[in-house]
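Novice: Sharing a structure here in structure tokens format.
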Amino acid sequence: MALEKVAVQHFRNIAAAELRLSPQLTLLVGANGQGKTNLLEAIYLLLQGRSFRTTSEREAIQEGWDSARLEAQGKVSGQPARWVHVITAARPSHQGATVPVVLFAPDDVYLAKGSPERRRRFLDLLLSAHDAHYAKSLRTYQRALLQRNRALKQPALRSVVDDFTPLLAHEGLYLWQRRRTLLSSLLPLAQSLHRRLAPDDALSFRLKEGGWSSPLESAEAFQAALESRRREEEARQMTLIGPHRDDILFALNGKDTTVYASQGQLRSIALAIKMATYEWLRQETGIRPVILLDDVLSELDARRRQAVLELTAEPGQQTLVTDTEARNYETLDPTIYYVQGGVVR
Amino acid sequence: MLYPEPIQQLVQELNKLPGIGPKTAQRLAFFLLNAPSGEAEQLAEAILAARRRIRYCSQCFNFTDDDPCAICRNPSRDPTWIMVVEHPKDVVAMEKMHEFKGRYHVLHGAISPMEGVGPEDLKVKELIDRLHQVSPREIVLATSSSLEGEATALYLARLLKPMGFRVTRIARGLPMGGDLDYTDEMTLAKAFEGRQEL
């Protein structure tokens, strides 16, 4: 996998930019707020078809313009490839193969501590990008959930709540199954990476199914569970069981990380998860994922930094790094761009 | 730049039509203004005539200019075999297959709480009244396979079966001439569920 050329037009604060990327390390240097992350977002959008920052892409069009255009050329599995992503007021248009990407960002540390929504988003982004069935199932689930919740809110429509339940249960079971499978594949990978970063702490994690104490194995069981909480659902006017309330439970040495983990421990968990994701994607897709490091290396101590840089140093590993200065990377012979006020040189 | 008031008015009205944005509305307005004399008048008259003459059939609630509609008047069509569809256009689609010799019932929509549409807003009560009159031998639920179409079919089945009616649902599955490996998993799964003994 190698991106060769990327062109960005009217995207966030970037009026126009063209980059020729190194097949190994490309470095984007600039002060905070100059547009470095915008470039990473553009590349992520091209390779994944969606943004890691927003679900409303329209807001990424540069102020005063009515469309943004992203374009890239490169190779996938040795074959020439091209990507085009155009954002307008209407639905964005996307062309090009989906290529695995792993983004390391400063707020990854909240993965094991912040809101459950962040963890669900992590699962959904990862599974949707490479599994069309999951993406479609998730959309149907979300619509069924919205319809069912609306029906619970309006007394006149209470009679149709149950007509959305079987569809909700059908898609919900599939989402649960895929999420559990993903986490159990990531677990051994993350554990072995984590041992290298923090030998004293044993990491574990698993899916906590939303609103029910044990995994529901069939659509009938799901429907019966909903039935049993119906009165509460009507009082709270929302669906109380299902993947929309899932969480991932993280533990270090058996203790819940949302309560006990230090900042350093959270950082090690985040790194281990992201590196495990990289390995998983590589195995699943047979393509070496592009690594995007958004302002993370300067935050890491020597041991953790070493672990990340080892990954980027492998031959044929394409990586983009943003940093406020270039001097940390001199030995890696990067292609360097300077980003200032949305201008890329 | 602002257009003279009558043009603005026309653009505004066209813009209200489904699928017509401001740009298309403008283009249509200019097309109508530049069309040979008589054409715009013909369109206006066609709209008025349709509005004046078309109403719901009192039996099936399809659009008709003559009540009951041609299908409900046709004695060779089985009045006890009733197919329930969402929209008048679904009747047209079904008629193209020349297989169904019963009669229709048009709901004019599907249950969608997010749009505030419940059974009360559809021709459901009218369906029940009709069924009690004709004692049907089969009711075919042919609402779409969208989430809302499925929910509507479930609702109707839940309502009608306890009344002792025979209720069926049209099958979902592979399109004719379709390749298996180009079919999405959801459709394949439905086709598998609905497999039949040969």
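The values are calculated or read from the model by the stated rules, or taken from the named source; none is laboratory data. Keep in mind that what you see is a predicted model, and the values were worked out from it rather than measured. Virtual Cβ from ideal backbone geometry, glycine too; neighbours counted across all protein chains shown.
Novice: Restricted to the stretch B:17-36, and to residues that are under 30 Å from B:H105 (Cα atoms) and not β-branched (V, I, T), which residue is nearest to the chain's Cα centre (by Cα)?
Specialist: In this case the residue turns out to be B:P18.
Novice: Okay, moving on. Just to confirm my filter: which helices (runs of 4 or more DSSP H) fall fully inside the stretch A:243-345 and include at least 3 residues that are among the aliphatic types (A, V, I, L, M), under 16 Å from the mean Cα position of the chain (by Cα) and under 30 Å from A:R180 (Cα atoms)?
Specialist: Output list reads A:263-285.
Novice: On to the next question. How many residues are surrounded by 12 or more Cβ atoms within 10 Å (Cβ to Cβ) and either small (G, A, S) or within 11 Å of another protein chain (Cβ to nearest Cβ) (or both) if we restrict to the stretch B:145-170?
Specialist: 15
Novice: Test A:Y338 against the criterion of being over 26 Å from A:T98 (Cβ atoms) and touching a Leu at 6+ places or on another chain (Cβ under 9 Å), and give yes or no.
Specialist: Answer is yes for this residue.
Novice: Among the residues of the stretch B:76-94 satisfying the criterion of being buried (at least 20 other Cβ atoms within 10 Å of the Cβ) and farther than 30 Å from A:Q154 by Cα, which is farthest from the other protein chains (Cβ to nearest Cβ)?
Specialist: By that ranking, first place goes to B:V91.
Novice: I've got another one for you. Restricting to the stretch B:120-144, and then to whatever is touching a residue at least 40 places away in the same chain (Cβ under 8 Å) and polar (S, T, N, Q), can you tell me which residue is nearest to the other protein chains (Cβ to nearest Cβ)?
Specialist: B:T143
Novice: Considering each of A:G96, A:G49 in turn, give the residue that is in contact (Cβ under 8 Å) with a residue 60 or more places away in the chain, on the phi > 0 side of the Ramachandran plot and crowded, with 17+ Cβ neighbours inside 10 Å.
Specialist: A:G49
Novice: Scan the stretch A:155-163 and give yes if some residue there is closer than 19 Å to B:A153 by Cβ, among the acidic types (D, E), out of contact with any Pro (no Cβ under 7 Å at 6 or more places or on another chain) and more than 8 Å from chain B (Cβ to nearest Cβ), otherwise no.
Specialist: Among the residues of the stretch A:155-163, not one is closer than 19 Å to B:A153 by Cβ, among the acidic types (D, E), out of contact with any Pro (no Cβ under 7 Å at 6 or more places or on another chain) and more than 8 Å from chain B (Cβ to nearest Cβ), which makes the answer no.
Novice: Please determine, by comparing only the residues of the stretch B:95-114 that are surrounded by fewer than 17 Cβ atoms within 10 Å (Cβ to Cβ) and not in a loop (DSSP other than H, G, I, E, B), which one is nearest to the other protein chains (Cβ to nearest Cβ).
Specialist: B:M114
Novice: Oh, and also: Going by what's in this entry, would A:P166 be described as outside any helix (DSSP H, G or I), in the same structural domain as A:E279 (by TED's automatic domain parsing) and over 23 Å from A:L126 (Cα atoms)? Outline the logic, then answer.
Specialist: Numbers: outside any helix (DSSP H, G or I): no; in the same structural domain as A:E279 (by TED's automatic domain parsing): yes; over 23 Å from A:L126 (Cα atoms): yes.
It is false that A:P166 is outside any helix (DSSP H, G or I), in the same structural domain as A:E279 (by TED's automatic domain parsing) and over 23 Å from A:L126 (Cα atoms).
Novice: While we're on this one: Identify, please: which residue in the stretch A:57-91 is at pLDDT 90 or above and among the hydroxyl-bearing types (S, T, Y) and is, among those, surrounded by the fewest Cβ atoms within 10 Å (Cβ to Cβ)?
Specialist: It comes out as A:T88.
Novice: Of everything in the stretch A:7-21, what is in contact with a Leu (Cβ under 9 Å, 6 or more places away or on another chain) and either over 21 Å from A:E63 (Cα atoms) or aromatic (F, W, Y) (or both)? Give them in sequence order.
Specialist: Passing the criteria: A:F11, A:L19, A:L21.
Novice: Check B:A46, B:A70, B:A110 and return the single one that is of a type in the set (A, V, I, L, M, F, W, C) and either within 30 Å of B:P6 (Cα to Cα) or at pLDDT below 95 (or both).
Specialist: From the options B:A46, B:A70, B:A110, the qualifying one is B:A46.
Novice: Considering only residues that are within 17 Å of the chain's Cα centre (by Cα) and aromatic (F, W, Y), look in the stretch A:92-151 and name the one that is nearest to the other protein chains (Cβ to nearest Cβ).
Specialist: The qualifying residue nearest to the other protein chains (Cβ to nearest Cβ) is A:Y134.
Okay, residues lined up against (1) in the same structural domain as A:R121 (by TED's automatic domain parsing); (2) surrounded by 15 or more Cβ atoms within 10 Å (Cβ to Cβ); (3) free of Cβ contacts under 8 Å to residues at least 40 places away in the same chain:
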| residue | (1), (2), (3) |
| --- | --- |
| A:L207 | yes, yes, no |
| A:A219 | yes, yes, no |
| A:R229 | yes, yes, yes |
| A:E234 | yes, no, no |
| A:M238 | yes, yes, no |
| A:I241 | yes, yes, yes |
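Novice: Say we look at the stretch B:37-88 and pick out the residues that are in a loop (DSSP other than H, G, I, E, B) and under 15 Å from the mean Cα position of the chain (by Cα); which of these is nearest to B:P119 (Cα to Cα)?
Specialist: This residue is B:E86.
Novice: I'd like the full set of residues that are among the aliphatic types (A, V, I, L, M) and more than 27 Å from B:A191 (Cβ to Cβ), limited to the stretch B:121-177.
Specialist: B:L122, B:V124, B:L127, B:I128, B:L131, B:V134, B:L159, B:M163
Novice: Using the structure shown, decide if B:V117 is within 14 Å of another protein chain (Cβ to nearest Cβ) and either touching a Cys at 6+ places or on another chain (Cβ under 7 Å) or among the β-branched types (V, I, T) (or both).
Specialist: The answer is yes for B:V117.
Novice: Of the conditions (1) among the hydroxyl-bearing types (S, T, Y); (2) modelled with pLDDT of 95 or more; (3) surrounded by fewer than 16 Cβ atoms within 10 Å (Cβ to Cβ), A:Y141 satisfies every one except a single condition; which number is it?
Specialist: Exception for A:Y141: condition (3).
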